[in-house]
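Asks: Quick one: this structure, given as structure tokens, is what I'll be asking you about.
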């Protein structure tokens, strides 16, 4: 290797290393200030920066109100044979705990409770009558020794089912959601 080639190789090596070093210095050197923002689940910030300065818009509680949605599927329709999907939405302020038990009932809750009670009473009467009719028509009560027990069980089962179906039908007609009846917020 002659002197000229060695000089060009050395100069290229020095320029290459200095170029890589300068790129590293420029990439680490920032004209923007270094700052640490507290970041949490409900924080948000926006930074606008240019060569003249920067602007920070920081919010500690963003969103301020959190909405949760609960989806319920409950019996509905004729005799409770269908299904009705109900979405219950609750809104809470971030950082505050909510009391799920209210101190008093609203007028809508009272009306819904009355509707359910009335429907259960009517349904129990109808269910008991259907149970008694089933017992007498099928001759279950004439079974020796246990006929009266089976007849009573059939009648009680009809009353229980009638109360459940009647209460649910009354609540459906009154347009009450489960949240209103139970008093949960």
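The values are calculated or read from the model by the stated rules, or taken from the named source; none is laboratory data. These figures come from a predicted structure and were not determined experimentally. All Cβ positions, even for glycine, are placed from backbone atoms using ideal geometry, and neighbour counts span all protein chains on display.
Asks: Taking residue 26, is it in a helix (DSSP H, G or I) and either at pLDDT below 80 or in the same structural domain as residue 91 (by TED's automatic domain parsing) (or both)? If you could, list the steps in order and put the result at the bottom.
Replies: On the way: in a helix (DSSP H, G or I): yes; either at pLDDT below 80 or in the same structural domain as residue 91 (by TED's automatic domain parsing) (or both): yes.
Criteria met by residue 26.
Asks: Mind checking which residues of region 138-185 are at pLDDT below 85, more than 26 Å from the chain's Cα centre (by Cα) and in a helix (DSSP H, G or I)?
Replies: 140, 141, 142
Asks: Consider residue 119 against the criteria (1) touching a helix residue (DSSP H, G or I) at 6+ places or on another chain (Cβ under 7 Å); (2) modelled with pLDDT under 75: it satisfies all of them except one. Which criterion is unmet?
Replies: Of (1) touching a helix residue (DSSP H, G or I) at 6+ places or on another chain (Cβ under 7 Å); (2) modelled with pLDDT under 75, only one is false for residue 119: (2).
Asks: Would you tally the residues in region 53-103 being modelled with pLDDT of 80 or more and outside any strand (DSSP E or B)?
Replies: 0
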